[in-house]
1. Quick one: would you say residue 79 is under 21 Å from residue 108 (Cα atoms) and surrounded by fewer than 18 Cβ atoms within 10 Å (Cβ to Cβ)?
2. Write out, first by first residue and then by second, each pair whose Cβ atoms fall under 6 Å of each other, whose residues are 6+ apart or on separate chains, and whose first residue, in region 56-79, is at positive phi while the second is modelled with pLDDT of 95 or more and in a loop (DSSP other than H, G, I, E, B).
3. Being surrounded by 12 or more Cβ atoms within 10 Å (Cβ to Cβ), touching a helix residue (DSSP H, G or I) at 6+ places or on another chain (Cβ under 7 Å) and farther than 13 Å from residue 3 by Cα is the requirement here; does residue 91 meet it?
4. Among all residue pairs at least 6 apart or on different chains, which show Cβ distances below 8 Å where the first residue, located in region 2-24, is on the phi > 0 side of the Ramachandran plot and at pLDDT below 95 and the second is assigned to a helix (DSSP H, G or I) and surrounded by fewer than 18 Cβ atoms within 10 Å (Cβ to Cβ)?
5. How many of the residues making up region 86-101 are part of a helix (DSSP H, G or I) and in contact with a strand residue (DSSP E or B) (Cβ under 8 Å, 6 or more places away or on another chain)?
């Protein structure tokens, strides 16, 4: 299934806008959420083709939200790429164990992000 609609989840307005700009310039339809809780509601409502999930957010973190999506029968097929400043190998492994399909560390290089998305599509 080709990826066309992407939900960007990040509590930082600067990081969120940076990711939205990269994706929009590349032809993706992009929506955004500022928290994990908002993201979970939008995923169920809008059914995006991909979720780009930050980890460090107030309230529920991105690892928890990714686990929720990957364990829910109605959302488990929507891929999640974790996009975070947490660059330790243990963080990457933990993110993948929560159900993420890929993991990218900020600052994000546009070409790297687009290649990871293309690999999923």
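1. On the way: under 21 Å from residue 108 (Cα atoms): yes; surrounded by fewer than 18 Cβ atoms within 10 Å (Cβ to Cβ): no.
No, not satisfied.
2. As it stands, the answer is 59/35, since those pairs meet every condition given.
3. Values: surrounded by 12 or more Cβ atoms within 10 Å (Cβ to Cβ): yes; touching a helix residue (DSSP H, G or I) at 6+ places or on another chain (Cβ under 7 Å): no; farther than 13 Å from residue 3 by Cα: yes.
No, not satisfied.
4. Qualifying pairs under 8 Å: none.
5. Total meeting the criteria: 4.
The values are calculated or read from the model by the stated rules, or taken from the named source; none is laboratory data. Everything quoted here is computed from the prediction, not taken from an experiment. We place every Cβ from the backbone using ideal geometry, glycine too, and count neighbours over all the protein chains shown.
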